[in-house]
Every structure is written in structure tokens, then in C-alpha cells.
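The values are calculated or read from the model by the stated rules, or taken from the named source; none is laboratory data. It should be emphasised that the depicted structure is a prediction, and the values quoted were computed from it without experimental measurement. Because the Cβ atoms are built from the backbone with ideal geometry, glycine has one as well, and the counts that use them run over all protein chains shown.
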Amino acid sequence: MASLKEIKSRIQSVKSTQKITSAMMMISSAKLKKAQNRIENLYPYQKKMDELLSIFLSSEFEYPSPLSEVRKVKRVAIVAFSSNSSLAGRFNNNVIDKLKETVKKYQHLEKEDILIYPFGDKVAKATKALGFTPQGNYNDESETPSYDMAQVFTGKLIDLFLSKKIDEVVLIYHHFKNRANQILTVETFLPIQLKPVDTNQKTLDYIVEPDKTTIVNQLIPSVLKLKFYTVHSDSVTSEHAARAMAMQIATDNADDLISELTIQHNKLRQQSITNELLDIVSGSFGKKK
């Protein structure tokens with residue numbers, strides 16, 4: 001059985017750890033609030049952009065975009081989003097597991113034909129562990145989503161796709177639903193999935209200038225760039241939410257452990273006092289005799 005000194009030392013150690021987890025929870029919660037405001041503002045804008053694109057791709061505006069060309073996958077690019085640090089529950093492990101699963105799907109390809117773009121140190125290390133060379137270092141960019149960076153990076157992917165150096169682009173990220181729920185998502189980024197408008201809905205008349213082809217050629221890359229920025233922001237928001245929840249659970253567990261250790265400490269202390277009293281009583285009886 002542990003001594004009073006050992007239990008007291010454990011209580012102090014748990015309290016110190018609890019201060020750290022509590023501070024990390026508050027920091028992550030503050031970051032989450034800021035990131036959540038950004039992503040909640042992005043969702044409606046992206047939805048409207050998708051609707052606008054769908055209108056141009058309806059039957060009367062039928063236009064085959066080179067970015068929608070589905071071809072046999074001989075070379076694939078996988079963009080995976082994780083965090084740079086730990087203490088976020090299963091957040092990083094889920095991404096890494098899904099990356100392994102996705103790579104396995106393309107195991108019929110040579111390794112040099114599977115290009116992995118890791119956003120975040122954790123998934124970058126996992127990429128190397130799988131025997132792949134990361135296509136660039138995006139650890140710094142991974143923590144702070146930027147539309148300018150999204151424009152440049154998406155433009156790079158579009159150029160590779162149009163030049164047929166890659167035939168498909170896959171995104172692996174967490175979609176933020178709420179503080180307690182982040183949905184691991186795998187989706188095809190390129191070729192773009194063109195969804196015509198619902199023919200059952202009322203069709204509005206639009207005047208298109210200069211012409212539908214020019215509009216669509218400019219609109220699709222804009223939609224893709226916004227999509228990438230939204231996905232990146234989604235991932236960062238999910239990371240803060242996962243870390244805030246993990247630290248809250250750790251703080252609550254520390255509370256429970258402190259309560260258990262305190263009860264154990266009090267029982268042992270009471271037992272020690274009782275034993276001392278018994279020794280005193282026994283000693284007094286011995287003197288009387």
C-alpha cells in the first residue's frame with residue numbers, strides 16, 4: 001500500500017497536470033471560436049458558388065469542362081490534413097489510418113505514381129513511414145488557412161491535372177459538425193463532380209455575359225479554390241474542437257482521480273491516527289499493570 005507521502009505527492013502531480021490541461025482547453029476553445037466563425041461564414045458562400053456553377057451546368061448550358069474529365073487513374077495526388085502537434089484525441093490517428101487505407105486502394109500503381117501532399121507534421125511523418133516522399137513541406141501553412149495559399153496550391157493541382165501529369169486528386173480531412181463531432185471525410189477534388197441543377201426546381205432566366213464558356217472556364221477554378229480553402233479551414237476548426245474536447249476530458253478525469261486519491265489519503269491518514277491511538281492506549285494499560 002502506498003504511504004501518505006506518496007499519495008500526497010501523486011495528488012500534487014495530478015493537480016499540476018490538471019492546470020496544464022485546463023489551460024490548453026481554454027486556449028483551444030478560444031482558437032475554436034475564431035475558426036468556427038470563419039468556417040460558418042464560408043459554408044453559405046461556398047454553397048452559393050456551387051449553386052451558381054450548377055446553374056451553368058444544367059442541360060440548357062451543357063458544357064464539357066476539361067476539369068471534369070474522368071480518365072483511367074495512372075497517377076494520383078492525395079492531399080491529407082492533420083495537425084502539427086498531438087493531444088487532440090484520435091484526430092491525427094484517424095487521418096493517418098484513412099491515408100493508409102486510401103494508399104492501399106491505389107496499390108496497383110507504382111509508388112512514384114502516388115503523390116502525397118501532407119498538410120501537418122503528423123501526416124508528413126506518417127507519409128515517410130509509409131515509404132513515400134512528401135510532395136513539399138506545408139507544416140507552417142497547415143496551422144493558418146489562407147485563401148492566397150489555397151489559390152496557389154489549387155492552381156498547381158489544376159495545372160497538373162490539365163497537363164495529365166495526375167489523373168485524380170483526393171482530399172482527406174475532418175469536416176467540422178460541432179464541438180463534439182468532427183466527421184472524417186474522403187472526397188474526390190479532381191475531376192470536379194459536376195451536378196446539374198434539379199429540373200424539378202423553378203428555373204430562373206439569366207443573361208450571360210460575355211458568354212457561358214468564358215464564365216464557366218473562370219467559375220470552375222474559382223469554385224475549386226474556394227473549396228480547398230473551405231476544406232483547409234474545416235480541418236483546422238476540427239483540430240481545435242478535437243483538442244478542446246480531449247483536454248476537457250483530461251481535466252475531468254484529473255478531477256475524478258484527485259477525488260479518489262483524496263479519499264484514499266484520508267482513509268490512510270485516519271487509519272494511521274487510529275493505530276497511533278491504539279498504541280497510546282495499549283502503552284497506558286501496560287504502565288498501569
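Conditions tested, residue by residue: (1) touching a Pro at 6+ places or on another chain (Cβ under 8 Å); (2) over 26 Å from residue 52 (Cβ atoms); (3) surrounded by 14 or more Cβ atoms within 10 Å (Cβ to Cβ); (4) modelled with pLDDT of 95 or more.
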residue: 165; (1), (2), (3), (4): no, yes, no, yes
residue: 181; (1), (2), (3), (4): no, yes, no, no
residue: 185; (1), (2), (3), (4): no, no, yes, yes
residue: 192; (1), (2), (3), (4): no, no, yes, no
residue: 197; (1), (2), (3), (4): no, no, yes, no
residue: 203; (1), (2), (3), (4): no, no, no, no
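All but one of (1) closer than 17 Å to residue 175 by Cβ; (2) of a type in the set (Lys, Arg); (3) modelled with pLDDT of 90 or more; (4) loosely packed, with under 13 Cβ neighbours inside 10 Å hold for residue 38, so report the exception by its number.
It is condition (4) that residue 38 fails.
Residues in segment 243-252: is at least one in contact with a His (Cβ under 6 Å, 6 or more places away or on another chain) and either touching a residue at least 60 places away in the same chain (Cβ under 8 Å) or over 14 Å from residue 50 (Cβ atoms) (or both)?
No: segment 243-252 contains no residue that is in contact with a His (Cβ under 6 Å, 6 or more places away or on another chain) and either touching a residue at least 60 places away in the same chain (Cβ under 8 Å) or over 14 Å from residue 50 (Cβ atoms) (or both).
Check whether at least one residue in segment 159-179 is closer than 26 Å to residue 248 by Cβ, basic (Lys, Arg) and in contact (Cβ under 8 Å) with a residue 40 or more places away in the chain, and report yes or no.
Yes, some residue in segment 159-179 is closer than 26 Å to residue 248 by Cβ, basic (Lys, Arg) and in contact (Cβ under 8 Å) with a residue 40 or more places away in the chain.
Look at residue 77 and say whether it is among the aliphatic types (A, V, I, L, M) and closer than 25 Å to residue 223 by Cβ.
It is true that residue 77 is among the aliphatic types (A, V, I, L, M) and closer than 25 Å to residue 223 by Cβ.
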